[in-house]
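To keep things clear, I will list the structure first and then write my remarks on it.
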There are 2 protein chains.
Amino acid sequence: MPKLTDLPKRILIGRALRSDRLGQTLLPKRIALPVFASDPLSSVAYAPGEVLIMLSLAGVTAYHFSPWITLAVVVLMFTVVASYRQNVRAYPSGGGDYEVANTNLGRRSGLTVASALLVDYVLTVAVSISSGVENLGSAIPFIVEHKTASAVAIIALLTVMNLRGVKESGKLFAIPTYCFVFGVFCLIAWGAVRHWMFGDDLRAPSAGYEIQTEHPGGLTGIALAFLLLRAFSSGCAALTGVEAISNGVPAFRKPKSRNAANTLAMMGAISVTMFCGIIGLALATDVKMAENPATEILIDGAPAGEDYAQDPVITQVAAGVFGDGSFAFVFLAAATALVLFLAANTAYNGFPLLGSILAQDRYLPRQLHTRGDRLAFSNGIVLLAGAAAILVAVYDADSTKLIQLYIVGVFVSFTVSQTGMVRHWNRLLSENPSRAAARRMKRSRAINAFGAFFTGLVLVVVLLTKFTHGAWVSLVGMALFYAVMTAIRRHYDNVSEELVVEETEEEPVRPSRVHSIVLVSKIHKPTLRALSYARLVRSDTLEAVTISVDEEETRELRAAWDRRGIDVPLKILESPYREVTRPVIDYVKRLRRESPRDVVAVYIPEYVVGHWYEQLLHNQSALRLKGRLLFTPGVMVTSVPWQLESSEIAKRRARKYADWNAPGAVRRGPVPGAPPRGNRNGHRNGGDDGRPRG
Amino acid sequence: MPKLTDLPKRILIGRALRSDRLGQTLLPKRIALPVFASDPLSSVAYAPGEVLIMLSLAGVTAYHFSPWITLAVVVLMFTVVASYRQNVRAYPSGGGDYEVANTNLGRRSGLTVASALLVDYVLTVAVSISSGVENLGSAIPFIVEHKTASAVAIIALLTVMNLRGVKESGKLFAIPTYCFVFGVFCLIAWGAVRHWMFGDDLRAPSAGYEIQTEHPGGLTGIALAFLLLRAFSSGCAALTGVEAISNGVPAFRKPKSRNAANTLAMMGAISVTMFCGIIGLALATDVKMAENPATEILIDGAPAGEDYAQDPVITQVAAGVFGDGSFAFVFLAAATALVLFLAANTAYNGFPLLGSILAQDRYLPRQLHTRGDRLAFSNGIVLLAGAAAILVAVYDADSTKLIQLYIVGVFVSFTVSQTGMVRHWNRLLSENPSRAAARRMKRSRAINAFGAFFTGLVLVVVLLTKFTHGAWVSLVGMALFYAVMTAIRRHYDNVSEELVVEETEEEPVRPSRVHSIVLVSKIHKPTLRALSYARLVRSDTLEAVTISVDEEETRELRAAWDRRGIDVPLKILESPYREVTRPVIDYVKRLRRESPRDVVAVYIPEYVVGHWYEQLLHNQSALRLKGRLLFTPGVMVTSVPWQLESSEIAKRRARKYADWNAPGAVRRGPVPGAPPRGNRNGHRNGGDDGRPRG
């Protein structure tokens, strides 16, 4: 199976670096940009279109407001980028929004941001994949005809890839992202040349259509203002994912903070250029976009009907500039789709990464905190994919509808994080810094304060204009995450309070003696091993215990026991009802009753098998018994394993997965102070088991 | 929830006996009859109808063959009853068909019978419930309008009841069964009186209808013979379940064998009388039955159409004799439905009982063998219910279609078992018995031989006439069971071969020393307990091991360790990648490499919690680690439990289920030599934990 995912990688970038070595590699800016920015860059594939769609509610004449809206988005982009450049400098350890909010504003704010981000990751997958399918659909109509199914299939594919441990790879990300950026820049440049220099009449496929609107005379006053705000809200989709770099500072080469800040600026500049260029070309090529194209687009005066597939702005513009179906057109459509799918994949990396940080703070199950815990990460990935797939199915993979849900989470975390940064600078300023430092801090504070104000304003606008259009779904999702995480944290706090020992406290009753019991069903290798191990661990009394479920078998066992001259007394527990658990529990309880200060050690021979279905055939009674024994205080249960031949299979499988790499590893950067992974493997491999590697 | 199932029981039979005492009660004949015979007795609710339906293929005129077919069924019933009376005498231990075949004909025959019986249990549920729904539907039309849904709902209800541990209760079974028998006898008597004495013109609801047939002129020659054989095959449904008593001999009062044999005879006599009576009355009341009533039944010359619900013969006759909707009619319909549902319930008891015997012979997972293993029995019950529900859904709860599948399994086990009995007598005869004994044996052998011949003949007829109508489904099911059970047995045989030790054989390398490791994450109560237990069990070396996933936490742990002056050395394993499992595994492997003859004992503090979701929040890493450690030879893993407060909930739950009684317990009779269960509880409860009982 790894072949399946290796092949395209090999084709694209030649023989891959060993992934465990890659983990040690710090990212140069040219690689960091595509790794962290595929999400915000790719959003120009849908954000301009959403602006036009909202404006079209007031008719085509409203399109002339689009430059103003673009301007507002650009200003917002500069504000956010400037703000996050402060974050990056203040938290070179990669303090994401969650940590900034948590540190500066307290647990609740932190948790709010975390909930918002988790919802955001789900929506990143849903929106990016839906938009990717729409873009791919402009070149391959079959896909747009089976939109929802295609989107779900791609989610499934990404999920399987990530479950199998295909790690985010810098180089793998670089190629499509740069192709996309290159393509869009060519588009803008060639379009500008043709339009303004050659004076060609560029016409998008939808240039000749009309838009039917409820407000043919256009809107005025408050209604117009509200519509413009809604259009602006939709345009803000271009800002999603900007914060990603601030999580990833440790992955940058030194000087980390400066490189990260510069990458942010670069990303902002590219984004803004592409956004403006596409809006400009859309106006130049006379693109028509409508919320419900089937009824609102008029072709030769008649509604377009259900069969009309409204292509995204970017491909319509490309059709106008390059010509529909031309190589450049197909190339751009493919690159756009690919970069959107990569953007979705970043959520697969970001989600477990955030989960791991939240687990550290005990808002999520502890085991998420350890890297490379396959099972734990897998659950997170499946959760993410499941939620995204449900959204895609419910909203018919319609990116316009999904975007209504999208931006709330992003701006919640922007606003809270920027507010946190203001607090951060206030705190630093209160510590009497030097004059120069104080001046720099004040400047940073001003930037962050403006960022907090502006993003907060946008959040209010988004909530006002989109609440009924879907933003409430995001809020419900956030509330859900918030509630679950609070409950988990409360549970952990309760348990840890229950378990605390004072420095001087001793265990109330110190146990005095150990009474060991070896459970025996018949004399075979596992039993003999358990007996010999139990004998080795010197306890005060040692006896073998068998449960007599079949008189004849018990007689045979007794006889064989004597014949072999085993020097451990054999105790037979009657079980007239052929129960296994109860007689043992009763016996152990009796022992504990007779000498309450004794500890009972129960040795259970256990089979180790290779397949889950073999597990069904063995150990079931032992496991059940163990489960019940653990409820009895003063008992410890020892499994003495016997490795059946078939267990080799499971061992091999475990080895195969041992090198599995957790998603999010690249974004987080290498672990500080960790030995290079290659060396470590070499060492570990020294005389271990001689298995071939590499 | 137990209230739910207790209530009807209480209403029906007053305050229930403590179920564990009931298990000790031997059944008098008057109770044994309904417990074991609800299945065969209830089959008169559908078998006569099936005969008429098959005959109707040749037109109404063919109905005059029905007395002959009835005669054949009666002769067969006498043969089978006579044969099983021999079984009961020869195997007073309750040797069911499986044991008879296994003992006398070998493993393969035994397994064939077992597969047939397992399929048979599934079909008993499907057929009885479908027929019950049809009978209930004659009184309550709503049910027949939602036939499949009703049938599935009743399967679900029975399943829940059995999962919750409602045990087959003799008294509970007696009432509906005797009501049913009483009702049918009244029906026959009153019908006979009205028809023959008063000369009333009794007319069933369908008396005035006509049957449209493909063969209006009737059939002749081979076609007719084949049709009669098919009708006879269907009538043989009356024999299903006759063998049940032979499994249940230990449950009878003494003299067990004679009482069982007499009960068999009684059951046969009642069955035959009811069967003949109903066929007779059906002819007298002019009932019309068709395979596809919608098209084949003509009402005033026009097809009846899809809306026509064909009521079972028994209720049609009751309508004719008592009057449609009269009290007696409704009473009989209800009693019929109830006894059919009880018949289905017997499969819920028989299935796990057979499973337990098969598990003893290692054809099924071992834990099925122990009584009262809730989980294991639950799986069996869910399997049974699931298969039955699928059949019901696929065949639209149509008893006529399901019966085509039904009889194959029954007659396979009849034939093989009777052949086995012939072998049994041959063996006994070869041991030179006394003259009188030999005579008796020869007589028994003759009866069994005739039984084997006759049932074998019927099996051939059933296969010939029904193979394409559904019998192949049963055969596929049997093959499936056979294959799975063979595979399980082979697995167990392989394992047991792998594990065998010769009498004189020693373990190849005797371990010499124990190196104990206590896994520590922080100093809290579970850790201290694990340390104190590990110290108590004297090993050659003891150290505490912690995995450093967070430098600061590790520093704190180290400091606290020193402050408390814990006399166990603390070993810190670096884990730069925040893995938990790998560093420990590597460390243990290193220890084993350094001194291969040492055993490593790993102590893991484990939390005991009350809810499954709490389990998700704890122990996950520990469990994973344990799973991996077991693959390393020379390691034993000890769980030192710490009972969190919430574990009390699970403890209470476990207690609640401790008295759960396995299905099939009543049929099997009390365990020989077991102390009365009441006493035993009293003893166990002595000073245990003082929990209230009763």
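Remarks
- Net charge, B:Leu557 excluded, C-beta distance under 12 Å - Lys, Arg +1, Asp, Glu -1: 0
- Of A:Lys288/A:Lys401; B:Lys442/B:Lys466; A:Lys525/A:Lys626; A:Lys589/A:Lys651, pairs whose Cα-Cα distance is over 26 Å: B:Lys442/B:Lys466; A:Lys589/A:Lys651
- In order through segment A:638-647: 3J(HN,Hα) via Karplus (6.51 cos²θ - 1.76 cosθ + 1.60), integer Hz, x for Gly, Pro: 10, 8, 9, x, 10, 7, 5, 4, 5, 5
- Counted charge near B:Met289, where neighbours are those whose Cβ lies closer than 10 Å (Asp, Glu -1; Lys, Arg +1): -3
- Cβ-Cβ FRET estimate between A:Arg597 and B:Thr486, R0 fixed at 56 Å, reported to 0.05: 0.60
- Dipole moment magnitude, nearest 20 debye, segment B:165-264 about Cα centre, only Lys, Arg, Asp, Glu C-beta charged: 800 debye
- Applying the Karplus relation 6.51 cos²θ - 1.76 cosθ + 1.60 with θ = phi - 60° to segment B:200-212 yields 3J(HN,Hα) values of 4, 8, 7, 10, 6, x, 9, 4, x, 7, 10, 10, 8 Hz, where x marks Gly and Pro.
- Spacing of the modelled spin labels on A:Arg510 and B:Ile299, each 7 Å from Cα toward Cβ, amounts to 9.1 nm.
- Counting Cβ atoms of other protein chains within 10 Å of each residue's Cβ and taking the mean over peptide B:636-648 gives 6.
- Each listed q (0.14, 0.21, 0.24, 0.32 Å⁻¹) maps to a log10 I(q)/I(0) for segment B:174-224, found by the Debye formula over equal Cα scatterers with no solvent: -0.69, -0.82, -0.88, -1.13.
- Relative to its residue count, segment A:112-242 spans a Cα convex hull of 210 Å³ per residue.
- Under 20 Å from the A:Lys442 label point (7 Å along Cα→beta-carbon), backbone N, segment A:411-425: A:421-425
- Candidate aspartates and glutamates - alpha carbon under 19 Å from A:Lys29, same-chain residues fewer than 8 apart omitted: A:Asp39, A:Glu168, A:Glu243
- With N as its number of residues, chain A has a Cα radius of gyration that, divided by 2.2 N^0.38 Å, comes to 1.20.
- Hull volume per residue, based on the alpha-carbon atoms of segment A:546-602 and their convex hull, is 85 Å³.
- An oblate overall shape is assigned to the protein assembly as shown, the ratio a/c of its alpha-carbon gyration tensor axes (a ≥ b ≥ c) being 1.5 or greater and a/b not exceeding b/c.
- Amide H contacts of B:Leu27: B:Phe252, B:Arg253, each under 5 Å away and 5 or more positions distant or on a separate chain (H built 1.01 Å from N in the peptide plane; Pro and chain starts excluded).
- Where Rh is the Kirkwood radius over Cα pairs, Rg/Rh for segment B:513-673: 1.10
- 5 angstrom amide H check on B:Ile211, placed H, neighbours 5+ away: B:Val60, B:Leu298
- A cut-off of 5 Å between modelled amide H atoms, ignoring neighbours fewer than 5 places along the same chain, links A:Ala601 with A:His515, A:Ser516, A:Ile517, A:Met636.
- Within chain A, the longest run free of GluC sites (Glu not before Pro) that sit in a DSSP loop with at most 12 other Cβ atoms within 10 Å is A:1-213.
- Taking θ as phi - 60° and the Karplus parameters 6.51, -1.76 and 1.60, the scalar couplings of segment A:440-457 work out to 4, 4, 5, 5, 4, 4, 4, 4, 5, 5, 4, x, 4, 4, 5, 5, x, 4 Hz in sequence order, x denoting glycine and proline.
- Other copies of B:Val568: label-to-label distances in nm, shortest first, labels 7 Å along the beta-carbon direction: 2.2
- Trypsin sites (Lys or Arg not before Pro), loop per DSSP, at most 11 other Cβ atoms within 10 Å - longest free stretch of chain B: B:16-596
- With only the Cα atoms considered, segment B:281-394 has a convex hull volume of 161 Å³ per residue.
- Counting, for every residue in B:581-588, the Cβ atoms of other protein chains within 10 Å of its Cβ and taking the mean gives 2.
- Cα-Cα separations in segment A:29-91 greater than 17 Å, expressed as whole percent: 56 percent
- Stretched out straight at 0.36 nm per residue, the stretch from A:Arg558 to A:Ala265 would grow longer than its current Cα-Cα span by 97.4 nm.
No value in this document is a laboratory result; all are computed from the given coordinates. Quick caveat: nothing in here was measured; it's all calculated off a predicted structure. Methodologically, a virtual Cβ is constructed for each residue, glycine included, from the backbone with ideal geometry; neighbour enumeration extends over all protein chains shown.
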